[in-house]
Amino acid sequence: MNLKNYLEREILLILQQKFEISMEKLEIQTTRKEFEGDYTLVVFPLVRFMKLKPEESAAAIGEILLENQIIAKFNVVKGFLNISLLPEMFSKALFTYQEKIADTGNKIIVEYSSPNTNKPLHLGHIRNNLLGFSIASILETAGNEVIKTQIVNDRGIHICKSMLAWQKFGNQETPESSGLKGDKLVGKYYVEFDKQYKDQIKTLQSQGWSEEEAEKSAPLINEARNMLRDWEANDQSVRSLWEKMNQWVYSGFQQTYDRLGVNFDVVQYESETYLLGKNIIEKGLEQGVFYQKEDGSVWIDLTEEGLDEKLVLRSDGTSVYMTQDIGTAVERFKKFNMDGLVYVVGNEQDYHFKVLFLILKKLGYDWASNLFHLSYGMVDLPEGKMKSREGTVVDADDLMDEMVNTSQEIAAEAGKLEGLTDQEKEKLYEIIGLGALKYFILKVDPKKRILFDPKESIDFNGNTGPFIQYAYVRIQSVLRKKQPTDMDLSDYKFNDIEKDLIKLINEFQEVVQKAAQEMSPAIVANYAYELTRSFNFFYQNYSILNAETSLEKQVRLHIAKQTGIHIKKALHLLGIDTPERM
């Protein structure tokens with residue numbers, strides 16, 4: 001039973017039957033600590049319908065609730081009705097926690113990751129993937145059908161740079177011969193290209209060229225441009241090399257995704273979508289949405305909307321990224337018959353998505369209002385900013401290794417792993433280390449920039465993943481000694497701490513729906529932390545297994561079990577596993 005929903009149903013019924021007032025929603029909050037009560041009805045929105053003063057309106061509703069034996073007691077503070085529930089409502093809530101959120105009937109695509117095939121995944125990709133996977137899980141739990149997708153950036157000059165460097169300097173090196181993951185091997189040659197290119201620029205500058213001239217005319221960059229033209233002309237030797245090196249990268253990416261615990265239902269490739277959108281631009285040109293300049297390029301004027309003029313087709317007829325994104329969005333809505341699309345992309349692309357969504361609205365697509373850019377801030381390390389061309393990026397695999405190694409060191413210091421096999425210990429280190437990483441990233445509002453400190457994230461105290469995992473483990477330890485049994489708890493007088501925990505457990509659905517509406521896994525993370533803190537306070541102040549009466553023991557066992565279930569459910573939405581021992 002959801003206590004807030006129960007109260008809302010009863011009060012709406014009273015308003016309809018006694019006051020002939022029909023409303024869909026009421027504002028009901030958990031009562032603030034300084035006041036007596038479990039839940040508070042905000043009465044001010046009802047005053048104009050009831051034609052009474054706020055205090056009188058609150059008292060009138062409270063009296064009927066009391067008379068109908070729906071509540072134990074009430075008090076009024078100005079326009080707020082503070083309600084104390086009947087004790088049996090808490091026992092009902094404890095036993096009927098598994099209400100499912102109703103299906104919305106909506107189908108939503110969540111696009112995330114979308115890497116380039118010229119380098120391995122890095123720390124920025126970790127935040128992207130964790131946000132995308134988590135918000136997909138939250139939306140699904142909130143009753144939506146979700147399709148997880150990525151569009152792989154597998155074409156362009158940057159891809160050709162890696163290919164050319166491997167061709168010129170690679171000596172036929174492969175992932176097998178080098179012992180490197182495929183994405184790392186390709187990334188190595190992306191860095192090598194940059195190194196050789198800079199050397200060529202310096203040589204030309206020493207011969208009297210300006211820096212700008214040297215950058216444009218260095219032999220290596222011209223060879224890369226020629227390779228891109230050959231790729232676009234479908235040259236078989238270039239395409240064959242491109243396919244081979246891309247497969248190396250995909251294999252490497254998959255290993256990283258598997259370890260990070262993320263996946264996709266549909267994978268699209270830019271090499272297959274980059275021509276999409278051209279026909280839409282042509283139709284928009286006929287409709288007057290776009291205009292053509294003398295050089296043949298096509299633009300849209302968004303200055304009236306506070307934006308600028310945006311190029312959508314170059315003078316030679318080739319697409320820009322905006323063109324592709326328009327075409328891909330239209331194709332997705334046609335193919336999947338979906339109701340919404342969420343783009344998980346860093347905040348450096350905020351302007352791009354404002355323009356994209358506005359263009360699609362101007363083109364007359366009704367669904368354009370259901371597009372959402374889940375914009376997130378960058379991730380920094382104490383050492384400073386990352387630069388992929390120079391090979392100073394924080395590699396995703398290396399970071400995961402560091403997190404697991406750190407968890408091993410801390411677990412060894414704690415010395416609580418006696419009786420576990422080496423294999424069980426390794427699995428535990430992985431769960432703790434990656435749980436710490438995921439929680440630290442996801443507990444922060446997506447819009448905010450993060451300074452990621454691996455050591456801080458794995459602390460067993462404070463607002464961290466291991467702190468929450470440890471509370472779950474503590475609960476399982478209690479339940480291994482004694483499982484709760486079904487018995488009548490209606491006569492039990494719950495204390496305030498027990499009530500607070502039950503109310504928190506009861507908020508899970510509300511938290512999921514709020515996180516889905518606001519597109520923020522941080523709401524779920526903070527719920528998991530508050531639930532853990534409340535349980536720890538309860539655990540430290542009240543004995544479970546040595547309770548004074550068997551009834552008291554059963555109540556506390558049930559509370560512990562439900563807390564564990566909801567900690568696990570919350571962490572699951574963040575992609576975090578829960579160990580049985582720590």
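The values are calculated or read from the model by the stated rules, or taken from the named source; none is laboratory data. The structure displayed is predicted, hence computed values, not measured ones. Note that we place each Cβ from the backbone using ideal geometry, even for glycine, and neighbour counts take in every protein chain shown. Surface areas here come from the heavy atoms of the whole protein model, side chains and all, with no ligands, DNA or RNA. Shrake-Rupley method; radii C 1.70, N 1.55, O 1.52, S 1.80 Å.
Contact list please: Cβ distance under 6 Å, first residue in region 356-379 and modelled with pLDDT under 95, second residue of a type in the set (Lys, Arg) and open to solvent by less than 30 Å² (accessible area, probe 1.4 Å), pairs at least six apart or on different chains.
Listed by first residue and then by second, the contacts come to VAL379/ARG127.
Between SER520, SER534, which is farther than 17 Å from LEU551 by Cβ and surrounded by 21 or more Cβ atoms within 10 Å (Cβ to Cβ)?
Selected residue: SER520, the only one of SER520, SER534 that is farther than 17 Å from LEU551 by Cβ and surrounded by 21 or more Cβ atoms within 10 Å (Cβ to Cβ).
Tell me the residue from TYR274, TYR250 that is open to solvent by 20 Å² or more (accessible area, probe 1.4 Å), modelled with pLDDT of 95 or more, hydroxyl-bearing (Ser, Thr, Tyr) and within 29 Å of the chain's Cα centre (by Cα), please.
Matching residue, one of TYR274, TYR250: TYR250.
Here are some residues: ILE559, ILE502. Which one is in contact with an Asp or Glu (Cβ under 8 Å, 6 or more places away or on another chain), in a helix (DSSP H, G or I), in contact (Cβ under 8 Å) with a residue 40 or more places away in the chain and of a type outside the set (Asp, Glu)? Walk me through how you get there before you give the answer.
Details: ILE502 fails: in contact with an Asp or Glu (Cβ under 8 Å, 6 or more places away or on another chain).
Answer to the selection: ILE559.
Can you confirm whether GLU145 is closer than 30 Å to LYS107 by Cα, within 38 Å of the chain's Cα centre (by Cα), open to solvent by 50 Å² or more (accessible area, probe 1.4 Å) and at pLDDT 95 or above?
Judged against the criteria, GLU145 is a match.
Just the residues that are open to solvent by 30 Å² or more (accessible area, probe 1.4 Å) and farther than 20 Å from THR532 by Cβ, please, taken from region 453-503.
Result: ASP453, LYS455, LYS481, LYS482, GLN483, THR485, ASP486, MET487, ASP488, SER490, ASP491, LYS493.
Report those strands (runs of 3 or more DSSP E) wholly inside region 18-109 carrying at least 3 residues which are crowded, with 17+ Cβ neighbours inside 10 Å.
Once the strands (runs of 3 or more DSSP E) in region 18-109 are filtered for at least 3 residues that are crowded, with 17+ Cβ neighbours inside 10 Å, what remains is 39-42, 71-77, 80-85.
Does LEU285 fit the bill of being over 33 Å from the mean Cα position of the chain (by Cα), among the hydrophobic types (A, V, I, L, M, F, W, C) and surrounded by fewer than 18 Cβ atoms within 10 Å (Cβ to Cβ)?
In short, yes.
Answer yes or no: is there a residue in region 204-211 that is touching a Leu at 6+ places or on another chain (Cβ under 7 Å), farther than 19 Å from PHE253 by Cα, in a helix (DSSP H, G or I) and open to solvent by 50 Å² or more (accessible area, probe 1.4 Å).
no
Considering LYS53, LYS25, LYS33, LYS4, which residue is over 29 Å from LYS100 (Cα atoms) and in contact with a helix residue (DSSP H, G or I) (Cβ under 8 Å, 6 or more places away or on another chain)?
On the way: LYS25 fails: over 29 Å from LYS100 (Cα atoms); LYS33 fails: in contact with a helix residue (DSSP H, G or I) (Cβ under 8 Å, 6 or more places away or on another chain); LYS4 fails: over 29 Å from LYS100 (Cα atoms).
Only one candidate passes the filter, namely LYS53.
Report, by residue number, each residue of region 300-316 that is open to solvent by 40 Å² or more (accessible area, probe 1.4 Å) and in contact with a Ser or Thr (Cβ under 9 Å, 6 or more places away or on another chain).
GLU309, LEU311, ARG314, SER315, ASP316 - these are the residues of region 300-316 that are open to solvent by 40 Å² or more (accessible area, probe 1.4 Å) and in contact with a Ser or Thr (Cβ under 9 Å, 6 or more places away or on another chain).
Residues checked against (1) open to solvent by less than 70 Å² (accessible area, probe 1.4 Å); (2) among the basic types (Lys, Arg); (3) over 26 Å from VAL344 (Cα atoms):
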| residue | (1), (2), (3) |
| --- | --- |
| ILE159 | yes, no, no |
| GLU176 | no, no, yes |
| ALA218 | yes, no, yes |
| MET227 | yes, no, yes |
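Inside region 298-351, counting only strands (runs of 3 or more DSSP E) that do not spill past its ends, which hold 1 or more residues that are closer than 24 Å to ILE108 by Cβ, in contact with a Phe, Trp or Tyr (Cβ under 6 Å, 6 or more places away or on another chain) and of a type outside the set (S, T, N, Q)?
Details: elements: 298-301, 309-313, 340-346.
Where strands (runs of 3 or more DSSP E) fall fully within region 298-351 and carry at least 1 residues being closer than 24 Å to ILE108 by Cβ, in contact with a Phe, Trp or Tyr (Cβ under 6 Å, 6 or more places away or on another chain) and of a type outside the set (S, T, N, Q), they are 340-346.
Starting from residues that are open to solvent by less than 60 Å² (accessible area, probe 1.4 Å) and either part of a strand (DSSP E or B) or of a type outside the set (A, V, I, L, M) (or both), keep the ones in region 6-17 and report whichever is nearest to ILE502 (Cα to Cα).
Out of the qualifying residues, it is TYR6.
Among the listed residues SER297, SER319, SER237, identify the single one that is in contact with a helix residue (DSSP H, G or I) (Cβ under 9 Å, 6 or more places away or on another chain), open to solvent by less than 50 Å² (accessible area, probe 1.4 Å), of a type in the set (Ser, Thr, Tyr) and more than 30 Å from ILE431 (Cβ to Cβ).
Details: SER297 fails: in contact with a helix residue (DSSP H, G or I) (Cβ under 9 Å, 6 or more places away or on another chain); SER237 fails: open to solvent by less than 50 Å² (accessible area, probe 1.4 Å).
Going through SER297, SER319, SER237 in turn, just one is in contact with a helix residue (DSSP H, G or I) (Cβ under 9 Å, 6 or more places away or on another chain), open to solvent by less than 50 Å² (accessible area, probe 1.4 Å), of a type in the set (Ser, Thr, Tyr) and more than 30 Å from ILE431 (Cβ to Cβ): SER319.
If you go through region 419-463, how many residues are more than 16 Å from the chain's Cα centre (by Cα), over 21 Å from ASP398 (Cα atoms) and of a type in the set (Val, Ile, Thr)?
Qualifying residue count, region 419-463: 1.
Select from region 109-127 the residues that are among the polar types (S, T, N, Q) and touching a strand residue (DSSP E or B) at 6+ places or on another chain (Cβ under 6 Å) and write down the one among them that is nearest to LEU573 (Cα to Cα).
It comes out as SER113.
From the list LEU85, LEU94, LEU46, which one is closer than 19 Å to GLN17 by Cβ and of a type in the set (A, V, I, L, M, F, W, C)?
LEU46
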